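S.K.: For reference, the structure I am asking about is given below.
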Amino acid sequence: MDIHQILEHLPHRYPFLLVDRVLECVPGERILAYKNVTINEPFFPGHYPHHPVMPGVLVIEAMAQAAAILSFKTLGGKPDDKSVYYFVGIDGARFKKPVTPGDKLMLEVSILANKRGLWKFAGRALVDGQLAAEAELLCTVREIE
C-alpha cells in the first residue's frame with residue numbers, strides 16, 4: 001500500500017501519521033509496514049536537541065497504526081467520521097534500541113485475538129533487523145456519540 005491507500009485506511013494526518021508504506025498485509029493475520037524516521041520530525045527539537053531519539057510512545061503508536069490498518073483490511077472497511085479507533089491497553093512493552101533520525105522503522109504486527117470488537121495484537125518494531133521495541137496492543141473501534 002502506498003501513502004494514498006494508507007490515508008484511506010487511517011484517520012491520522014500530519015504530524016501524527018506514523019506509517020509511510022505497507023509492504024505486506026494478510027487480512028486476518030499480519031501486516032508489515034514501515035516509517036521513515038527523519039530529522040524533520042516535529043518531536044526531535046525537544047527529544048532531545050543534543051541527541052535526537054524517537055519517543056518510545058510514538059514507536060508504540062506506529063505499531064498501533066499498522067494494527068489499525070490490519071483491522072480495517074480484515075473487516076473490509078475504512079474509517080469514517082462516525083467512529084474512532086482507540087488504544088485500550090498496552091502489555092509487555094519493552095524498548096531495546098533507540099530509534100534515531102535516518103532509521104527505517106519496520107513494523108511487524110500480527111493478530112492474536114479478536115473477541116467482541118476487542119483486538120489483541122503482537123507488535124514488533126525493528127531497525128536494521130534489530131529489535132527496537134515490542135508490545136502486545138489492545139485496540140477497539142467505537143462509535144462517536
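Coordinate-derived values only; no laboratory data. What you see is a predicted model; the values in this text were computed from it and never measured. Here the Cβ is made from the backbone with ideal geometry for all residues, glycine too, and neighbour counts use every protein chain on show.
S.K.: If you take the square roots of the eigenvalues of the alpha-carbon gyration tensor of the chain and sort them as a ≥ b ≥ c, do you get rounded (a/c under 1.5), prolate (a/b over b/c) or oblate? Intermediate results must be reported in sequence, preceding the final value.
M.R.: Values: a/c = 1.69, a/b = 1.50, b/c = 1.13.
Judged from the Cα gyration tensor, the chain comes out prolate (a/c at least 1.5, a/b above b/c).
S.K.: OK, next. Going 7 Å from the Cα of Thr100 along its beta-carbon direction, which residues of region 19-61 have the amide nitrogen within less than 11 Å of the resulting point?
M.R.: The answer is 51-54, whose backbone nitrogens lie closer than 11 Å to the label point.
S.K.: Each residue of region 3-13 in order: what ³J(HN,Hα) in whole Hz does its phi give by Karplus 6.51 cos²θ - 1.76 cosθ + 1.60, θ = phi - 60°, with x for Gly and Pro?
M.R.: With the stated coefficients, region 3-13 comes to 4, 5, 5, 4, 4, 6, 9, 10, x, 5, 9 Hz.
S.K.: How tilted is helix 56-75 with respect to the longest principal axis of the chain? Cα atoms for both, answer in degrees (0 to 90, nearest 10).
M.R.: Between helix and principal axis, roughly 30 degrees.
S.K.: Something else about it: Pick out which of Gly56, Gly92, Gly28 has the largest mean-square fluctuation in a Gaussian network model of the chain, springs linking Cα atoms closer than 10 Å.
M.R.: Gly92
S.K.: Then there's this: Given charges of +1 on the Cβ of Lys and Arg and -1 on the Cβ of Asp and Glu, with all other atoms neutral, how large is the dipole of region 28-138 about its Cα centre, in debye to the nearest 20?
M.R.: Working: 13 positive and 11 negative charges, 57 e Å.
In total the dipole reaches around 280 debye.
S.K.: To continue, here is another question. Considering only lysines 8 or more places apart in sequence, or on different chains, count the pairs in the chain whose C-alpha atoms sit under 29 Å apart.
M.R.: 21
S.K.: Another question, if that's okay. Per residue of the chain, what 222 nm ellipticity follows from adding -39500 (n - 2.57) for every DSSP H run with n ≥ 4, rounded to the nearest 500?
M.R.: Estimated from H runs of four or more residues: -6000 deg cm²/dmol.
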